[in-house]
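Please read the structure below before turning to the comments.
The values are calculated or read from the model by the stated rules, or taken from the named source; none is laboratory data. What you are looking at is a predicted structure, and each value in this text was computed from that prediction instead of being measured. Don't worry about glycine lacking a Cβ; one is built from the backbone with ideal geometry, like all the others, and counts go over all protein chains shown.
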Amino acid sequence: MKYLVTKSQLLEATKFPKGNVVPDKYCPMIERLIMEYYGDKICDILVVPTDKGYSHYVLISYHGYSVSGKNGTSEKIENLIEGFLPITTFVVVIDNDGGCDDDSDL
C-alpha cells in the first residue's frame with residue numbers, strides 16, 4: 001500500500017507539539033543556548049521539565065549530519081547545557097533529512 005504525503009504534511013510531522021508542556025525557568029534558557037550554538041541546523045526544539053532521574057528532556061529535530069554514540073551531537077549538546085546550567089539533561093536528536101522549512105527540496 002502506498003500513501004502520498006505532501007511536503008507540508010511531512011514538515012508538520014517533524015514539529016513537536018508544545019501545547020501540553022509547562023515550562024520552568026530553565027526551558028527558555030536551554031532553547032536559547034542550543035539555538036546560539038546550533039541555530040542553523042535546528043528545525044525544532046522541545047524542552048520538557050521532569051521530576052525523574054533527569055531534570056529536563058530535550059528533543060531536537062536536527063537538519064544536518066549528526067553523529068550518534070559517544071561524542072555525538074546529543075552528548076555534545078548535553079555537555080553544553082550542563083556546562084552553563086546547574087541541571088542534568090537527556091537529549092534526543094532526531095535527524096531531519098527533509099529540511100526545516102518549505103523552501104528546502106526533498
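Of all residues in the stretch 21-43, those that are over 23 Å from residue 96 (Cβ atoms) have Cβ atoms under 7 Å from Cβ atoms of residues that are modelled with pLDDT of 90 or more and in a loop (DSSP other than H, G, I, E, B), 6 or more apart or on another chain, in 26/85; 26/87; 29/85.
Pairs linking a residue in the stretch 61-84 that is hydroxyl-bearing (Ser, Thr, Tyr) and in a helix (DSSP H, G or I) to a residue that is crowded, with 17+ Cβ neighbours inside 10 Å and at pLDDT below 70, with Cβ atoms under 7 Å and 6 or more positions apart or on different chains, are 73/66.
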